[in-house]
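First the structure, in the form of structure tokens, and then the observations on it.
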Amino acid sequence: MSLELTRPHDISELIEYSAEVGANPLLIQGAGGNTSVKEGNVMWIKASGTLLADAKSKDIFVAVDLPEMRLALDNNEPRSDRPAEFTIGKGVLRPSIETSLHAVFKQRIVIHVHCVQTIAHAIQQNGKNLISQKLAGLNWCMVSYQKPGANLAQEVKAALKEDTDVVILANHGLLVAADSVIDAARLLSKVVTALTVKPDKRHKPNLAGLRDVCPQKYQVLPEEHIIHQLALGPDRVRLSTGGSLYPDHVIFCGVGAACMNIEDVSKIDLDIAPVFVIVPEKGVLVRQDASEGAFALIQCLAEVILRTPIDARLNYLTEEQNFELLDWDAEKYRQAMNAK
């Protein structure tokens with residue numbers, strides 16, 4: 001079947017909103033998140049490895065065959081986890097690795113963000129109860145963690161009811177769906193507002209000692225940078241270093257977070273040096289060659305941890321879940337695209 005590639009009438013509106021969302025680090029970090037619009041049998045979705053923030057300056061949307069993607073999902077076919085096979089038209093860009101996730105919604109517009117306010121709830125063991133109190137009156141559901149892709153799409157598909165338009169992804173983020181861009185934007189704003197927690201910035205870093213021992217390849221950021229808050233207070237350090245909390249952290253920063261006392265900083269093996277190092281009661285060292293994506297995810301971790309109660313019990317990704325993200329061809333492609 002030949003599909004008509006006429007662009008949706010509201011694609012420009014989606015582009016404008018995508019750029020706005022992508023420029024907000026509390027909603028999107030690096031190449032994370034994606035938006036889409038359905039028009040008949042075609043779904044236009046953000047391309048893998050591109051930035052939502054670039055939506056107005058670059059052509060980042062890719063057309064995919066929506067009925068074929070849905071058929072593959074219905075039949076649980078392996079190809080449903082290979083969104084590039086559903087691309088319509090010519091071009092070098094691949095559809096987002098989360099194309100199948102957007103396809104399961106009946107609504108025209110789907111907005112997927114890695115919202116800091118949402119993640120701060122969705123990593124907690126009692127997160128669903130916390131969210132229930134704050135999203136009362138909305139048509140929402142929450143699904144357990146799955147690696148982004150077809151398995152997650154199947155999880156969401158099974159949880160959706162006729163009127164569901166908000167989905168919380170445990171250890172991942174937030175989806176909202178509507179039939180217009182403006183309604184999706186309003187819904188996203190409503191959910192984020194309901195889940196908003198102010199960051200708890202209580203301490204100042206002690207950078208003098210850090211500068212004295214800062215190894216080659218690393219840098220000490222200015223005192224006011226939020227990243228340093230990860231090191232200030234034993235509870236913050238404990239929460240930050242307990243493991244990986246969401247997929248993009250693993251992809252861009254590696255598994256978990258390294259922690260080292262100041263007297264041991266000079267012993268860092270520079271050949272396998274971590275992207276960042278938390279030095280308790282001092283601050284955080286970041287590699288000079290850290291990518292923009294890695295830097296955004298370190299900052300995201302700080303934003304999340306500072307919105308998490310110090311006595312919270314968190315769900316961390318398992319060793320197996322970490323490995324499947326590191327050994328994932330789709331994510332390797334996304335990183336390569338993001339580096340260009």
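The values are calculated or read from the model by the stated rules, or taken from the named source; none is laboratory data. Predicted model, so just to flag it, every value in this text is computed and none were measured. Counting neighbours? That spans all protein chains shown, and the Cβs are built from the backbone with ideal geometry, glycine included.
The criterion of at least 1 residues that are basic (Lys, Arg), over 24 Å from the mean Cα position of the chain (by Cα) and modelled with pLDDT under 95 is met by the following helices (runs of 4 or more DSSP H) wholly inside region 188-265: 207-213.
Scanning region 295-307 for residues that are farther than 12 Å from LEU230 by Cα and touching a residue at least 60 places away in the same chain (Cβ under 8 Å), we see that the one that is farthest from the chain's Cα centre (by Cα) is ALA296.
For region 149-170, filtered to residues that are assigned to a loop (DSSP other than H, G, I, E, B) and in contact with a helix residue (DSSP H, G or I) (Cβ under 6 Å, 6 or more places away or on another chain), the residue that is nearest to GLY256 (Cα to Cα) is ALA170.
Annotation: ARG313 fulfils all but one of (1) in contact with a helix residue (DSSP H, G or I) (Cβ under 6 Å, 6 or more places away or on another chain); (2) touching a residue at least 60 places away in the same chain (Cβ under 8 Å); (3) within 18 Å of VAL116 (Cα to Cα); the unmet one is (1).
Among the hydrophobic types (A, V, I, L, M, F, W, C) and either touching an Asp or Glu at 6+ places or on another chain (Cβ under 6 Å) or over 20 Å from GLY149 (Cβ atoms) (or both): which single residue out of ILE11, ILE45 fits that description?
Details: ILE45 fails: either touching an Asp or Glu at 6+ places or on another chain (Cβ under 6 Å) or over 20 Å from GLY149 (Cβ atoms) (or both).
Just a single option satisfies the conditions, and that option is ILE11.
Show me the strands (runs of 3 or more DSSP E) entirely contained within region 1-67 in which 2 or more residues are of a type in the set (Ser, Thr, Tyr). Lay out the reasoning, then the answer.
On the way: elements: 34-39, 42-46, 61-65.
Filter on region 1-67 gives 34-39.
The one condition from (1) buried (at least 19 other Cβ atoms within 10 Å of the Cβ); (2) in contact with a strand residue (DSSP E or B) (Cβ under 8 Å, 6 or more places away or on another chain) that PHE252 does not meet is (2). Assess whether GLU16 counts as being surrounded by fewer than 23 Cβ atoms within 10 Å (Cβ to Cβ), at pLDDT 95 or above and farther than 22 Å from VAL92 by Cα. For GLU16, the condition - surrounded by fewer than 23 Cβ atoms within 10 Å (Cβ to Cβ), at pLDDT 95 or above and farther than 22 Å from VAL92 by Cα - is met.
Can you tell me which residue in region 112-148 is surrounded by the fewest Cβ atoms within 10 Å (Cβ to Cβ), limited to those that are among the small types (Gly, Ala, Ser) and in a helix (DSSP H, G or I)? Spell out how you get there, then give the answer.
In the first step, residues of region 112-148 are kept if they are among the small types (Gly, Ala, Ser); the result is 120, 122, 127, 132, 136-137, 144.
If we keep only those that are in a helix (DSSP H, G or I) too, we end up with 120, 122, 127, 132.
Working: ALA120: 24, ALA122: 27, GLY127: 22, SER132: 11.
Per the stated criteria, the residue is SER132.
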